[in-house]
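The values are calculated or read from the model by the stated rules, or taken from the named source; none is laboratory data. All values reported here derive from a predicted model rather than from experimental measurement. Counting neighbours? That spans all protein chains shown, and the Cβs are built from the backbone with ideal geometry, glycine included.
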Amino acid sequence: MLRKIAFIVSLLAIICIVPGSVAQQTSPIPAGSKVFIASMDGFETYMKAALEKKNVPLKVVESKDEADFEMTGTSNSQKAGAAKIILFGSWHSREEASINLTNLKTSEVAFAYSVHKQNSAHGKQSSAEACAKHIREKIEGK
């Protein structure tokens, strides 16, 4: 019985301590930082537009040498098949994207995010805007 209580107390202590330590380990992204967006098979165009549309306080630069951070990532689109269109009446695509923001001075990954949209009406634009929204929240500390 005492072992169970000790185990539960230990587990609760870990749960309470770990989130605080994880938050302290993440690298901040200062507002106004310069970011270079690497080639992502066309997804970089959507990311540039999304950063502007979502008012992300980062400055996009065209040269990696000028940048504080580098954004890398991948995206994947899967158009609706005939069965999905006929059975569900949905022609929306399935979108997936993953991005990383790496601090070029320290090589630390300051931000990583992955998005999965099952029925995306606007394709890659929706995925890019979701990524941009979460970058903005990271910068603002939300």
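Structural remarks
- Of the candidates Ala132, Ala110, the single residue that is over 16 Å from Lys54 (Cα atoms), modelled with pLDDT of 90 or more and touching a Leu at 6+ places or on another chain (Cβ under 6 Å) is Ala110.
- Taking the conditions (1) modelled with pLDDT of 85 or more; (2) surrounded by 18 or more Cβ atoms within 10 Å (Cβ to Cβ) in turn, Glu137 satisfies each one other than (2).
- Residue in segment 83-92 that is crowded, with 18+ Cβ neighbours inside 10 Å and at pLDDT below 80 present: yes
- Here segment 27-45 is the region considered, the condition is being in contact with a Lys or Arg (Cβ under 8 Å, 6 or more places away or on another chain) and more than 22 Å from Asn76 (Cβ to Cβ), and the residue that is modelled with the lowest pLDDT is Ile29.
- Taking residues in segment 128-142 that are in contact (Cβ under 8 Å) with a residue 60 or more places away in the chain and closer than 18 Å to Asn76 by Cβ, and partners anywhere that are of a type outside the set (A, V, I, L, M) and in a helix (DSSP H, G or I), the pairs with Cβ atoms closer than 7 Å and at least 6 places apart or on different chains are Ala128/Phe43; Ala128/Tyr46; Glu129/Lys53.
- Subset tally (residues that are in a loop (DSSP other than H, G, I, E, B) and more than 14 Å from Asn103 (Cα to Cα)) for segment 63-75: 1
- If you check Val60, Val56 for being part of a loop (DSSP other than H, G, I, E, B) and either within 15 Å of the chain's Cα centre (by Cα) or at pLDDT 95 or above (or both), only one passes: Val56.
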